[in-house]
Every structure is written in structure tokens, then in C-alpha cells.
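Notes follow once the structure below has been shown.
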Amino acid sequence: MKNYTGGQEEMDKYSLRGKVFNKIREDILAGNYQEKDELKEAAISKALGVSRTPVREALRQLELEGLVTIVPNKGAYVNGITAQDIYDIYVIRSYLEGLCAKWACEHITKEQIDELEEIIYLSEFHIQKEHWEQIFELDNRFHLYLYKACGSKILEHILSDYHHYVERVRKNTLSSQERARTASMEHKAILNAVINKDEEKAEKLANEHIFQSLANIKHQGLDKLMEKHEDKK
């Protein structure tokens, strides 16, 4: 990352803060920090090659998201994502994903339909080959394209954030061929309902898809999945 000084830093402070914010958030969500770890402004600014101002602003924004707690005169500390947070996110997502699919019935374009159909086709191919990285990436793409198709930038933003928050858990749950295949079939059913402009069915199927994912996560054990991630660090 470039160093910015003086007027240039003032001119770019918002985009620079965004870059710093995204980097710290990525590290927290990836589990690179332990819960209650201190996020030291000086160390982060040195590592990223920026002044302490965008780091301080990013930490304040992360506090608003609940990922960081700032203690006056002491410092900023990581909250991270707990098993309860993951459960809550999936329940909230289930309703919002349903709304997203419902709205997509009205707003989706031919190009978006073509892209989603290709994603499903590629998913089926990679599931047969057990190419887990590709399966996970295609699962991401399906949801992100559907979010864009809903026609609401607000809903797209909220769902994209929630989707990203639980990324490391989703990656574990898609590492079995059975769940990956079932998830792909659920995606296909949702898309068909959207194409047919069946709002009620699309909403119901999208809602059930997230609840099925949550059921799969609960079956594996939320706490165990979190521990599994910690063991890999």
C-alpha cells in the first residue's frame, strides 16, 4: 500500500480509510486475531504503510460493526465472531435472502440469469470432481449475483456483509459432496422460481436454503467448527 502524506493523504483519506478498514476486518474475520487481542495503531500503521489517522478511523468504524471494542485511554480490542453471532446471522439472513429472491423476480436481468445459470452448471461439474475451492467460490458468486439482482443496493450491501462474516464457517460446511450437491440443487430451484417470477416460491425457497445451511452447521456443531478453524491457525 502506498504512503500518503500532506494534502494527498487529506484528498484520499476516505478511500485510504476504506482500504485499512477492509484489511483489518478481513484479518479479524479470517481468525488472524484472537478474541480480546489488542489492535495497536502504531503497529498496524507501520505494517500497512499509512499514518495512524486512517487506522484510528477504521477502528472506530469496526467498533460500530461490533467487531472491535475501544476502551478510552487503553486501546482497541478484538471482539471477533462468536458461535452465537454466527447463529444469529444465519437466522437474520434467512429472512433477508427470502426478500432478496422475491425482489429479484421483478428486477433480475437476462444477463444476470445467464450468469447464475452458468454458475450452477459449473458448480455441478466441480462437485463431481470434488474441487472444493472452486465449489466454495461458485457458492459465493451465486449469492453475490443474486444480491445484485434484487435491485436494492441497501439489501445487497447488508447481505454481502453478513455473507462475508460467516465465510470461514461456510467453507467448512461445503467441504462434503452431499451438502455441496444439495446446496447446488437448492440454488437451481431458487433461480427457477425467480425466472418464473414466482415471488412467493422464490422467497420460501431462499428462506429454506439458509435454514438448511444453518441446520447443517448446527449438526456439525458451531463451537466445533470455530475450534476447527482455530486449530488451523
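The values are calculated or read from the model by the stated rules, or taken from the named source; none is laboratory data. On a predicted model such as this, the values are computed, not experimentally measured, just so you know. Using ideal geometry, Cβ is built from the backbone for each residue, glycine included, and neighbour counts are taken over all protein chains shown. Heavy atoms of the whole protein, side chains included, go into the accessibility calculation; ligands, DNA and RNA do not. Shrake-Rupley method; radii C 1.70, N 1.55, O 1.52, S 1.80 Å.
Scanning region 70-113 for residues that are without any contact (Cβ under 8 Å) to a residue 60 or more places away in the chain, in contact with an Asp or Glu (Cβ under 9 Å, 6 or more places away or on another chain) and of a type in the set (Val, Ile, Thr) yields 70, 78. Scanning region 167-185 for residues that are closer than 20 Å to residue 205 by Cβ and either hydroxyl-bearing (Ser, Thr, Tyr) or open to solvent by less than 40 Å² (accessible area, probe 1.4 Å) (or both) returns 170, 173, 174, 179, 180, 182, 183, 184. Within region 156-164, can one find any residue that is open to solvent by less than 20 Å² (accessible area, probe 1.4 Å) and more than 16 Å from the chain's Cα centre (by Cα)? There is no residue in region 156-164 that is open to solvent by less than 20 Å² (accessible area, probe 1.4 Å) and more than 16 Å from the chain's Cα centre (by Cα). Within region 26-55, the residues that satisfy the criterion of being in contact with a strand residue (DSSP E or B) (Cβ under 9 Å, 6 or more places away or on another chain), in a helix (DSSP H, G or I) and modelled with pLDDT of 90 or more are 41, 55.
Picking from residues in region 58-89 that are of a type in the set (S, T, N, Q) and not in a helix (DSSP H, G or I), the one that is nearest to residue 159 (Cα to Cα) is 82.
Please tell me if residue 138 is in contact with a His (Cβ under 8 Å, 6 or more places away or on another chain) and within 24 Å of residue 219 (Cα to Cα).
For residue 138, the condition - in contact with a His (Cβ under 8 Å, 6 or more places away or on another chain) and within 24 Å of residue 219 (Cα to Cα) - is met.
Set side by side, the residues 201, 224, 197 differ, and just one is among the basic types (Lys, Arg), at pLDDT below 80 and either open to solvent by 80 Å² or more (accessible area, probe 1.4 Å) or at positive phi (or both), which is 224.
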